[in-house]
Amino acid sequence: MLDTKYNHSLIEENKYEMWKDNGYFKCEEESNKKPFCIVLPPPNVTGVLHLGHAWDVTLQDIIIRYKKMEGYDAFWLPGMDHAAIATEAKVVKRLKDKGIDKYEYGREKFLDACWDWTKEHGDIIRAQWAKLGVALDYSKERFTLDEGLQEAVKKVFVDYYNEGLIYRGEKIINWDPAAQTALSNEEVVYSEEKSAFYHLKYKLENSEEYLDVATTRPETLFGDTAVAVNENDERYKNFVGKNVILPIVNKPIPVITDEHADMEKGTGCVKITPAHDPNDFEVGNRHNLERIIIMNDDATMNENVPSKYVGMTREECREEVLKDLEREGLLLEVEPLVHEVGHSERTGVMVEPMVKKQWFVKMRPLADTVLETQKDKNKKVNFVPTRYEKTMNHWMEITYDWCISRQLWWGHRIPAWYKGDEIYVGMQAPEGEGWEQDNDVLDTWFSSALWPFATLGWPHNTKLLEKYYPNQCLVTGYDIIPFWVNRMTFQGEKILGQRPFEDCLIHGLIRDKLGRKFSKSLGNGIDPFDMIKLYGADSLRYYLATDVSKGTDMRFDEEKIKSTWNYINKIWNASRFALMNIEGLKEIKLENLKDIDKWILTKYNKVVKNVTKHMDKYDFNIVGSELYSFVYDDFCSNYIEMAKFSLDDETTKSVLCYILTGILKMLHPFMPFVTEEIYQMLPIKDAESIMISSYPTYDKKQIFEDEELIVDDEILFIKNFRNVKKENNITKDMKIKFESIPNELLIKMLKLEDSITTDELDINSYNVLSNNIIAVIYSPYFLM
RNA sequence: GGGCGUUUAGCUCAGUUGGUUAGAGCACUUGCCUUACAAGCAAGGGGUCAUAGGUUCGAGUCCUAUAACGCCCACCA
């Protein structure tokens, strides 16, 4: 006999190991079943899983379990990401806490420390996946820095280099002065900062005339090599071609005309600092201007500035420069301004645009292929919801060359060797003496961009690759589209000539109850595993999967997990009731069906049809509410209540067992543990585990429209009768006269046996009821 | 500056191709320990669907503006 209370901790013990040990998580590469492959977005080995991960993997697990029950060769490939910059930062800090400096420690030992870190966190993450119950095929687990990925990365690098799609160049890049590495544009986040527009006086050489040059970064004036105005700007016509005197350093620099100078903006004069501003860099290229780098890698001022400023930070230097300008009467005006300033996504410090020699991927041809492919509905990546397609397309339109080199140690080392001016790029080190390998590693996203196929064995022509590429689906948050989805798409289409995945299911972000992002500084974090302890993984999963419609953000609400627990407790008890009454049932015989049997079978089949339709569209919240009302209203409140009067009937038992089995199966992808527990107790089952049982199918022969209407009407009558009874304070001992006698089932349901009468009653003694009932309740049982 | 999203009950959210009386959970009111479940059951109250126009026999749903909030993108000196 089942306990009257659902005990999630007990139920969720040991099942995961059982599924895993029985091989249910494994793909069936040798079978003829249609493949359904998802590669897991590899979590960073930097830390542990949070609620966002729990949401992400729950959605995928639902799809995988559903597809498996539907008869597909469902394959979910797990793995983790080495997360170059993020992990390196963690390991540097860990060593620092032990008093060890990264550079003194040396590259080799540092990498060992990174591998130790990876192993530790990998184990934690795997244990967390198990708690969540996700059906990952561990026999195919990969790591973005394992040998196979290293080979794939090198191959792409070498091939692209030979094709001219990867090049090394001196360009302006986003420099993170804290991590001391280059960043891609995607790794720069902009935030508003209070600053000012400083108007500086650039005097014309040998003249009292001057240009009013407005800038937000006066400290970079040491790097100025020109001042630009628009060629159509009448105001400055006679300045063009002459020199102005750079303040403080008193050096003459030319006044040039360039399209970049906008007559409408500011004063129309722009100082040009080619080494420290992306626009100015372009202007400098057009006019062959000198690039003067004025900062060290940690963003302190270098020896290219007057000695009094050398060694100052950018901020200190700005203050000093402003003081000095003011003293010399060269500061014309300070206009307060709020503007967007770029910061490093990882370290949070202000990004410094700097000219550096870095490696780049030439994006235009790759992006154009994607834009072209997206026009063909049989070849495109189908975003779900479709609006996210725009996010990718827009990025493909505006993207520019991807800076892929990082001045870090943890990552894929760039397969380029140098000897003097010679460069060698290849899979292995070149023959001969004196070659030195590039010290840098690649952006972590360079390897994760190869995830959908490198994990399947590419560059080798493996059976896995053949069968599971393109993947059928990818699931991730919309915040990852620029970093990852886009790059997987252009890499997949370039390297394998096909989209990496057919569908791309996008979910939102999870926020706290007040709609704020979860963050350490706010202290509003929720550990999903605390929730699992309190309510079980099944409750958490169901909540995450069904709370909001696809593609939208979610506000975390523990109350909802609690009410999901109540729902599962309801399912538990309904099952308990059914199991008590179907004990020893040998065979499901759907014969001699009564009206209520036909009614529940009809409702059930309609639900199966709808649920399947919405599962296929990833509309899990709709599936959730379909099943919820079927379980609560149709099955528990109505069928079970009515079935209580015919429990010795073999048909009732069969129907109970049949419907319960179907409910468990449809709920299984959402709440795998409890459904498995109950499934194992069924007297009749079609598989050794619900996980490998077959999904319910719609059966037209079980649709009985007439009986459905009859019972619907009876249910409406019951509800209305109870309502009237309550509103009029009708008590048990009062007699009720009906125009016609309700059927036996209704008499039992409403406990009317003792109160019903057909005798002639004095109309005054029951006027409250009879008129009301007839007036209020519309039902054939009274009107006939 | 460009784009996207959201706005529905006290709160958090559903609402599929336009179609009877707009739904759920939580909260609230009332009555019940009815042997599956009191973490439950039964019944109930509560919404001019952000605003203003429009299309339509019919609009929460489609169109056009407006507002508030949020997000993404963009080289703005």
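The values are calculated or read from the model by the stated rules, or taken from the named source; none is laboratory data. Values in this document were obtained by computation on a predicted structure and should not be read as measured data. Glycine also receives a Cβ, built like all others from the backbone with ideal geometry; neighbour counts cover every protein chain displayed. To get the accessible areas, we keep the full protein, side chains included, count just its heavy atoms, and leave off ligands, DNA and RNA. Shrake-Rupley method; radii C 1.70, N 1.55, O 1.52, S 1.80 Å.
Here are some notes:
- Number of the exception - A:Tyr639 against (1) of a type in the set (Ser, Thr, Tyr); (2) surrounded by fewer than 22 Cβ atoms within 10 Å (Cβ to Cβ); (3) in contact (Cβ under 8 Å) with a residue 24 or more places away in the chain: (2)
- Residue ID - most open to solvent (accessible area, probe 1.4 Å), chosen from residues in the range A:542-553 that are closer than 17 Å to A:Val623 by Cβ and more than 6 Å from RNA strand B (Cβ to nearest atom): A:Lys550
- Within the range A:385-404, being open to solvent by 40 Å² or more (accessible area, probe 1.4 Å), within 8 Å of RNA strand B (Cβ to nearest atom) and more than 30 Å from A:Asp619 (Cβ to Cβ) holds for A:Ile398, A:Tyr400.
- The single residue among A:Lys644, A:Lys653 that is closer than 20 Å to A:Asp712 by Cβ, of a type in the set (Lys, Arg) and in a helix (DSSP H, G or I) turns out to be A:Lys644.
- A:Glu12 vs. criteria open to solvent by 10 Å² or more (accessible area, probe 1.4 Å), in contact (Cβ under 8 Å) with a residue 24 or more places away in the chain, among the acidic types (Asp, Glu) and away from RNA strand B (no atom under 16 Å from the Cβ): no
- Of the residues screened, A:Leu534 is one that is at pLDDT 95 or above, within 13 Å of RNA strand B (Cβ to nearest atom) and surrounded by fewer than 24 Cβ atoms within 10 Å (Cβ to Cβ).
This table checks each residue for (1) closer than 29 Å to A:Leu474 by Cα; (2) part of a loop (DSSP other than H, G, I, E, B); (3) of a type in the set (Asp, Glu).
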site	(1), (2), (3)
A:Arg65	yes, no, no
A:Lys90	yes, no, no
A:Ile100	no, yes, no
A:Gln128	yes, no, no
A:Ala135	yes, yes, no
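- Of the numbered criteria (1) surrounded by fewer than 17 Cβ atoms within 10 Å (Cβ to Cβ); (2) closer than 18 Å to A:His199 by Cα; (3) more than 12 Å from RNA strand B (Cβ to nearest atom), the one A:Glu264 fails is (3).
- Counting only strands (runs of 3 or more DSSP E) that fall entirely inside the range A:184-261 and contain at least 1 residues that are open to solvent by less than 60 Å² (accessible area, probe 1.4 Å) and within 12 Å of RNA strand B (Cβ to nearest atom), the qualifying elements are A:188-204, A:210-215, A:226-229, A:251-257.
- The residue that is nearest to RNA strand B (Cβ to nearest atom), counting only those in the range A:589-606 that are hydrophobic (A, V, I, L, M, F, W, C) and more than 43 Å from the chain's Cα centre (by Cα), is A:Ile596.
- Flag for A:Arg576 being within 10 Å of RNA strand B (Cβ to nearest atom) and open to solvent by 60 Å² or more (accessible area, probe 1.4 Å): no
- Cβ pairs under 9 Å, 6+ apart, first in the range A:172-187 and β-branched (Val, Ile, Thr), second part of a strand (DSSP E or B) and near RNA strand B (Cβ under 10 Å from one of its atoms): A:Ile172/A:Pro353; A:Ile173/A:Pro353
- Residues that are part of a helix (DSSP H, G or I) and in contact with a Gly (Cβ under 7 Å, 6 or more places away or on another chain) were ranked within the range A:15-56; the one that is nearest to RNA strand B (Cβ to nearest atom) is A:Gly52.
- Set A:Tyr604, A:Tyr695, A:Tyr679: member being at pLDDT 95 or above, within 28 Å of A:Gln472 (Cα to Cα), hydroxyl-bearing (Ser, Thr, Tyr) and in contact with a helix residue (DSSP H, G or I) (Cβ under 9 Å, 6 or more places away or on another chain): A:Tyr695
- Pick from the range A:555-573, criterion within 6 Å of RNA strand B (Cβ to nearest atom) and not in a helix (DSSP H, G or I), ranking: least open to solvent (accessible area, probe 1.4 Å): A:Asp557
- Annotation: A:Glu151 fulfils all but one of (1) closer than 24 Å to A:Asn439 by Cα; (2) open to solvent by less than 20 Å² (accessible area, probe 1.4 Å); (3) part of a helix (DSSP H, G or I); (4) not aromatic (Phe, Trp, Tyr); the unmet one is (2).
- The residue that is surrounded by the most Cβ atoms within 10 Å (Cβ to Cβ), among those in the range A:509-525 that are in contact with a helix residue (DSSP H, G or I) (Cβ under 9 Å, 6 or more places away or on another chain) and at pLDDT 90 or above, is A:Ile510.
- The numbered conditions (1) touching a Gly at 6+ places or on another chain (Cβ under 7 Å); (2) closer than 17 Å to A:Glu626 by Cβ are all true for A:Tyr695 except (1).
- Condition check for A:Ile622: of a type in the set (Val, Ile, Thr), open to solvent by 40 Å² or more (accessible area, probe 1.4 Å), away from RNA strand B (no atom under 12 Å from the Cβ) and in contact with a helix residue (DSSP H, G or I) (Cβ under 7 Å, 6 or more places away or on another chain): no
- For A:Phe670, the criteria (1) open to solvent by 10 Å² or more (accessible area, probe 1.4 Å); (2) within 16 Å of RNA strand B (Cβ to nearest atom); (3) modelled with pLDDT of 95 or more hold in every case but one, which is (1).
- All of A:Tyr160, A:Tyr167 fail the test of being part of a strand (DSSP E or B) and at pLDDT 95 or above, apart from A:Tyr167.
- Residues of the range A:380-421 satisfying the condition of being among the aliphatic types (A, V, I, L, M) and in contact (Cβ under 8 Å) with a residue 12 or more places away in the chain: A:Val381, A:Val384, A:Met392, A:Met396, A:Ile404, A:Leu408, A:Ile414, A:Ala416
- Only a single item in (1) within 15 Å of RNA strand B (Cβ to nearest atom); (2) open to solvent by 50 Å² or more (accessible area, probe 1.4 Å); (3) touching a helix residue (DSSP H, G or I) at 6+ places or on another chain (Cβ under 9 Å); (4) of a type in the set (Asp, Glu) is not met by A:Glu335, and it is number (3).
- Residue within the range A:611-627 that is assigned to a loop (DSSP other than H, G, I, E, B), closer than 25 Å to A:Arg65 by Cα and basic (Lys, Arg) present: yes
- Residue that is more than 16 Å from RNA strand B (Cβ to nearest atom), basic (Lys, Arg), within 27 Å of the chain's Cα centre (by Cα) and not in a helix (DSSP H, G or I), where the choices are A:Lys379, A:Lys356: A:Lys379
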